[in-house]
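The values are calculated or read from the model by the stated rules, or taken from the named source; none is laboratory data. On a predicted model such as this, the values are computed, not experimentally measured, just so you know. Neighbour counts are summed over all protein chains in view; Cβ atoms, including those assigned to glycine, are modelled from backbone coordinates with ideal geometry. With ligands, DNA and RNA removed, areas are computed over all heavy atoms of the protein, side chains included. Shrake-Rupley method; radii C 1.70, N 1.55, O 1.52, S 1.80 Å.
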Amino acid sequence: MKAVILAGGLGTRIAEESDTKPKPMVEVGGRPLLWHIMKIYAHHGVKDFVICLGYKGYVIKEFFFNYYRHMSDMRIDLRSGDTQILDSQAEDWRITLVDTGAETMTGGRLKRAAKYLDNETFCLTYGDGLSSVDVGAEIAFHRQHGKLATVLAVQPPGRFGVLNLDATQQVTSFEEKPSDEIGWINGGFFILEPGAIDYVADDATSWERAPLMNLARDGQLKAFQHHGFWQPCDTLRDKRELETLWNAAKAPWRAW
């Protein structure tokens, strides 16, 4: 099975980092978010990737073009220019890098990448979110229900403590950053049938709007509820939180 990763957005809310690189290339633990996401999929046997490029896509191309060499011990003869690979730690992944346009919306990026998906069931996610999701279990769930689309339903980490008040404005209880303060949301990590792409009209289509709304309207969208870790990397604060988890060897998404 292939996994499509949307990696073409601007990342305006983390501009301190994304001024020089695409947001999926923001590093956590010395490796890009994109690498972490791919490791999640690879742990569950999905090792064939289609990466949708846009903003500063050349940075991602250069990263993977040089990846094998960067992950290898090498011997270089400076006089002759001969290079010998002594040992490589590179992963056994296959990666298709697709230029999907600088201004293309998420649905349009998926539609442009469709020709590389072999008309088969595939995974889809964003290039900026990490999770402890069991991809294998979600794929099994998707195959069982037989609909066109499955979305990972998550309860986002709370940003603020919640005050519960009575009619007299008395605080009856206080909850420190409850995880379910706004219910279930789209956590990415979709499993899709090729027919789901037919719900995308053109480059201007946002996957999160008409396609998902119409899939739900047609009874073709199921939710795989995930109660474990999930966090996007939208801001420097998010990045610092993810770094803290990684450096403490407590990263919940690190199943490998």
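Run the quick spin-label model on Ser88 and Lys61: label points 7 Å from Cα toward the beta carbon, then report their separation in nm to one decimal.
The two pseudo-label positions are separated by 2.1 nm.
Go through Gly183, Ile76, Gly8 and say which Cα lies farthest out towards the positive end of the charge dipole of the chain; charges sit on Cβ, +1 for Lys and Arg, -1 for Asp and Glu.
Result: Ile76.
When we measure straight from the Cα of Lys115, which lysines land under 30 angstrom away, once same-chain ones fewer than 8 places off are left out?
Qualifying lysines at Cα under 30 Å: Lys2, Lys21, Lys23, Lys39, Lys47, Lys56, Lys61, Lys147, Lys222.
For a protection proxy built on the mean count of beta-carbon atoms within 10 angstrom, sort 242-255, 104-117 highest first, please.
104-117, 242-255
Can you list residues whose amide H is under 5 Å from Lys2's amide H, if they're 5+ apart or on another chain and H is modeled 1.01 Å from N?
So Lys2 has HN proximity to Cys123.
Quick check on the stretch 1-132: what are the equivalent-ellipsoid semi-axes from the Cα gyration tensor, as sqrt(5λ), descending, whole Å?
27, 18, 15
If you line up the long axis of helix 33-43 against the longest principal axis of the chain, both from Cα atoms, how many degrees apart are they, to the nearest 10?
90
How big is the antiparallel share of DSSP beta bridges in the stretch 1-145, given as a percent to the nearest 5?
Roughly 30 percent of the beta bridges in the stretch 1-145 run antiparallel, per DSSP.
Please arrange Trp93, Trp207 by accessible surface area, largest first, computed with a 1.4 Å probe and ligands excluded.
Largest accessible area first, the list is Trp93, Trp207.
Starting from the amide H of Thr96, placed 1.01 Å from N in the peptide plane, find each other amide H under 5 Å away whose residue is 5 or more places distant or on another chain.
Phe49, Val50, Ile51
For the Cα atoms of the chain, what angle does the longest principal axis make with the long axis of helix 236-247, in degrees from 0 to 90, nearest 10?
In the chain, helix 236-247 runs at an angle near 70 degrees to the longest axis.
Whenever you get a sec, compute what percent of the accessible area on the stretch 28-93 sits on carbon and sulfur atoms (1.4 Å probe).
After summing per-atom areas, the C and S share lands at 46 percent.
For P(r) over Cα pairs in 5 Å bins from 0, in percent, which listed value, (1) 1, 6, 12, 15, 18, 16, 12, 8, 5, 3, 2, 1, 0, 0, 0, 0, 0; (2) 1, 7, 15, 20, 21, 17, 11, 5, 2, 1, 0; (3) 1, 5, 7, 9, 11, 13, 14, 12, 9, 7, 6, 4, 2, 0, 0, comes from the coordinates shown?
(1)
Taking the DSSP beta bridges in the chain as the whole, what percent of them are antiparallel, to the nearest 5?
Close to 50 percent.
For Lys222, which sequence-distant residues (separation of 5 or more, or a different chain) have an amide H within less than 5 Å of its own amide H, given hydrogens modelled in the peptide plane?
Ala149, Thr150, Val151
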